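The structure under discussion appears below in the form of structure tokens.
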Amino acid sequence: MKRLLLSALFISGAISFATGQVAYTSFEEPVVAGQYTDTGDAGVAHDLINNAGESEVDFTSAGTEMGFDARYEPYDTPDVGLTDGDFVGATDFTGDVGAYTDGVQGYQMSDTDGNMILEFDVVDFSGFTSNSVSLDYFINATGYEGDGTLNESGSDRMRIYVKDLTNSTEIDLLNTEGSDINDLAIEGTWNTATAVIPDGINAQLVVEVRTNAGSEALYLDNIVFNGTALPTFSFTITEIFSGQEGTDLTEDWFEIENTGTTTWVSGVDPDLYYDDDSADPSAADVIQGLTDLAPGEHAIILITGNSGDITTFTDVWSPVIDLTGVEIGYADGSGLGGGGDAVTLWVGDPTASAPVDNASYPDTAANDGQSYDVDLGEFSVVGNANGAVETFALGGDNNDVPNIGSPGNGPAVLQAQIAFDAAFASVSEDAGSITINVTPTLAPSVEGTVEVALIMGGTAVEGTHFTYSATETLTFPVGSATAQTVTIPILDNTTDDSDVFFVLELQNESNIEVGGEDLFSVYILDDDTVVPSGDASQLDISLVTSYLVDPNGTAEISAYDPATQRVFVTNGDKIEVLDFSDPSNVFPVATVNVSDFGAESVQSVAVANGMVAAALSVDPKTDNGLVVIADADGNNPTLLEVGALPDMLTFSPDGNLLVVANEGEPNADYSIDPEGSISVIDVSGGIGNISQANVTTLNFNAFDAQIATLRAAGVRIYGPGASVSQDLEPEYVAISDDSQTAYVSLQENNAYAIVDLVNLTITDIKSFGLKNHALPDNSLDVSDETDFVFNASWPIRGMYMPDAIAFYEVGGIPYLVTANEGDAREYDTFEEERKIDDNDYVLDPTVFQNIDILELESNLSEIAVTMASGDLDNDGDFDEIHVFGGRSFSIFNANTGLLVYDSGNDFEVITANDPTYGAIFNASNSSNDYKNRSDNKGPEPEGVLVKEINGEIYAFVLLERIGGMMVYNISDPNAPQFLSYENNRDATPGGTESGDLGPEGVFYVSPADSPTEKGLIVISNEVSATLSVYELGNDILSVQDFGLADTNSFAIYPNPANSRVYFSKPGNYTLYDITGRLITSKKEAVSLNITTLSEGVYVIVNENGASQKLIVE
């Protein structure tokens, strides 16, 4: 079918217009003749064609009257159809109608003996509004049959309707189906039917007739489609800007051009509407702020609901491009995505019209800050065909990316602007001075000046750290584009302070504009920082090996069984069992799938007295979890129910109890938040004598009524709608040496619980408090945007939030050693982590008078903070800035919760100055990027192990991100001594991370239990799925180690050996090879000559059945 779009009838004037015919027919042009005989098969549907000498049933428009096309569809049981000669098609017969309503001809449809369907040309209503259709019809008065619901003879039906081809709907003008035509009182007279046509659609009139007698006839005449033509303005989207990475200079925007011949006038002509690539008419937003747009003129549309953003846009662009005559409007709609999006534009009601234009653009990642020029089909570059320019103002993560575009397509403005060459620079305290450049963009045409002023907000003190007592004025002479400089003396001292900074600003410019960088931060790096020297000789630690547990898995927590010399390692939903008899040659023994126990994953594993225990989580994690206990060979497993999400478990020193921390995390949408709990399992009866009756699970219900008191004491209770019992999340367990008391870290709550293991009650909850990073000893590096370490004091407080904790006692005083990791709650419906420049994180300006300086990206802009605490007076803004973790380890009095010692800034000072790992300072465990984690918990202390070795007490602290462990002598809790930093990962800056990554768990093997007869530290690394095995060269088997409490036991040394081994006590000994074959037996022996033995593994058994493995080299 032909599509018609006929010119409307305009009233003179650029903005006046009237309703007129869009398309019409009165059937005056088709040929009228005698009856029509169909030559087709009446049994099948087919098109009807004109026959010579017969009335035309089809008509092709010659540009005036509409064309039409007829077709035939049979009854369900076919009849003769139109093959017997019938009065259908163009007609001038007036015997029934008397006269036609317009002219002398019409169109007749009668005695169809099936269905005759007449379809008119499609009418295009693009560019029209207030549309309608009208037609005249005459139904001959006679006896009609049936109600038209069945497709059969005797069920007459007539329908006239408009197909909305754009929206796939239909608009009825007449439909007799469901009624006897005789009952409708529409016969024997001309009737006029009308309908409203939606704007912008393609419409097609359709007439359907089903009759079976010559007197049953429908006549048509005077069909008219009317519409009000829109004025001849036309809009095209010519340019799109979707923002940039980091800080935006302006709101997103797009440019439109009136490519028509008529001026569009706001308030007179239909409004303009915008939506993004969804092109959703119901979500489209009206464009405001425009007054008129003449042909050929451009306008800029900002995507914002704030008209004040127009000023920002003008301030950014008018210095570089002439915006004279360019209107700037705005629409409060969806912003444009950097990954590729589109702009959709409507003129008039979007729900009643089609878009007038739609323009898309590709991913902007490689073209940060550049607009997309739709005209040119490419991202804008300076000097392109549309005259693109770049802004003086700079945005982005580092405030160093200009915007490039051609808004309004005006000419470039040539005006000198000045700016600092960069946003910041670092200088060593002993450098003497720093020279700072202020550079014009081009040679000024008139002399200009600007003041370089020191502003408040920095931490450096003028006169103490640098000299700048008076503001300097810089002059930019005519015709010179040379940079002007400020030189500032830097003062050196001999004290170990934190790094400090000051900020300069360009102010009071005259005859010149300030653009780009108007602030300059000078970071003074202290050259007197004391780096802990360490004493590696105390333990003489060396790496033995790194063993890959599972190339496709992980290695999170591990435990050692000295009797079998096996290591048990958690690996997702498996427990890996490894032979550790030769630490330099570890090999797998077995894999245990925890799904066999109905569990989803294994969280922790522990070993004691021949028992292996594992904490198992289930699906969903909010259900009660499980603990399985078996011997080292997996025999006699006992499955016990504990609280939700058992995250860690450990045996008491006396081996009688197994204590489990049940974290009780909520589900993703926080609709289920189980209570945190602590399970205590009596295992004193040994394997085979443990049942559910031995499990006591302790909850925190007794503390629910103390929520206000706990919060006032610093315990973080902040989950949505949570009680104390629900909010507390037990993380890790440490047990006193006498097995009487357990201490359980509540990490997210920045607190710990004290548990009486004798009476099985939770007796107290204590907060760990906050770490004051404003103190020089607690300095830290907080930005990943700088290329130097800036170890400075900041007005922030760290929530210690330890993961692992350990117990030890000195002089009768119990202490807790904590690895201060920090952890944020992050769920679908609750996420506490924020940046300080986020819109919903507002600092109290009466407390922080340098907010703008703090929010610089080289300062605190990107550091992770919590919005769940810090608003001390509950007035909606934050009086303290709380960050996650302490980047340290601490020692607390276990009874009082008072801080005894904190390692302060040691970890970052030590790693920054490490000759190997300083190159990847604060790198993550999944990246070798320098300072990758400076803005989020830094090295992130994760695990801690405390052991007494050779009469001294040592702490081994794991750093989850940069990796490795810090080793301290903590024999004096008030004055721990740093010994060494051990790490085994690749340290190529920016390179592919490799080696041991993500240390999570750690255990110690004493010389008496060690296959090498030297102490071992074994670290399980979660990310690399490796075990790091370190040997303590000064932790060896001593004479005292042979005084074994078990009279049946014995020891052999040296082991491995190649000539002779010695027994810890005389006795009868039998030697077997690894297959169990008897090699030799000795009575009352104190040693054994092994020079004749081949290299390999052997077993020596005494008369009491005790055995030891011997390695012959």
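The charge dipole of region 3-229, taken about its Cα centre with unit charges on the Cβ of Lys, Arg, Asp and Glu (plus for the first two, minus for the last two), comes to roughly 940 debye. Residue pairs exceeding 21 angstrom between C-alpha atoms, taken from LYS835/LYS937; LYS621/LYS937; LYS947/LYS1014; LYS771/LYS937; LYS1083/LYS1109: LYS621/LYS937. Equivalent-ellipsoid semi-axes for region 3-229 (Cα gyration tensor, √(5λ), whole Å, largest first): 30, 18, 17. Debye-formula intensities of region 691-798, expressed as log10 I(q)/I(0) at q = 0.11, 0.22 Å⁻¹, are -0.50, -1.14 (one equal scatterer per alpha-carbon, no solvent).
The Cα center of region 268-317 and the Cα center of region 429-499 differ in position by 43 Å.
Compactness ratio for region 886-989: Cα radius of gyration over 2.2 N^0.38 Å (N = residue count) comes to 1.10.
In percent, what relative contact order does region 3-229 have, based on Cα pairs under 8 Å that are 6 or more apart in sequence?
Contact order relative to length: 27 percent.
Taking N as the number of residues in region 235-409, what is its Cα Rg relative to 2.2 N^0.38 Å? For region 235-409, the normalised Cα radius of gyration is 0.96. Its DSSP H runs of at least 4 residues, each contributing -39,500 (n - 2.57), put the calculated 222 nm mean residue ellipticity of the chain at -500 deg cm²/dmol, to the nearest 500.
Placing one equal scatterer on every Cα of region 644-705 and applying the Debye formula, the log10 ratio I(q)/I(0) at q = 0.13, 0.15, 0.18 Å⁻¹ is -0.43, -0.54, -0.71.
Cα convex hull, the chain: 271 Å³ per residue, rounded to a whole number.
Region 940-986 and region 739-804 have Cα centres spaced 17 Å apart. Based on the Kirkwood approach, the hydrodynamic radius assigned to region 133-206 is 13.5 Å, with every pair of different Cα atoms included. Kirkwood hydrodynamic radius of region 541-1034, from the reciprocal of the average inverse Cα-Cα distance over all distinct pairs: 22.8 Å. Note: relative contact order over the chain, using C-alpha pairs below 8 Å and six or more positions apart, is 6 percent. Bridges between two residues of region 137-295, per DSSP, are antiparallel at a rate of about 95%. Dividing the alpha-carbon radius of gyration of region 1042-1112 by the rule-of-thumb value 2.2 N^0.38 Å gives 1.01.
Figure legend: label point modelled 7 angstrom from the Cα of GLU831 along Cα→Cβ; no residues of region 868-889 have amide N under 11 Å from it.
Put in line by how crowded their Cβ is, counting other Cβ atoms within 10 Å and starting with the fewest, GLU826, GLU65 read GLU826, GLU65.
Neighbour counts of other Cβ atoms within 10 Å put MET456, MET116 in the fewest-to-most order MET456, MET116. Note that region 159-302 shows a convex hull volume over its alpha carbon atoms of 177 Å³ per residue.
FYI, it's all coordinate maths here, none of it is from the lab. Values in this document were obtained by computation on a predicted structure and should not be read as measured data. Cβ sites come from the backbone with ideal geometry, for glycine too, and all protein chains shown count toward neighbours.
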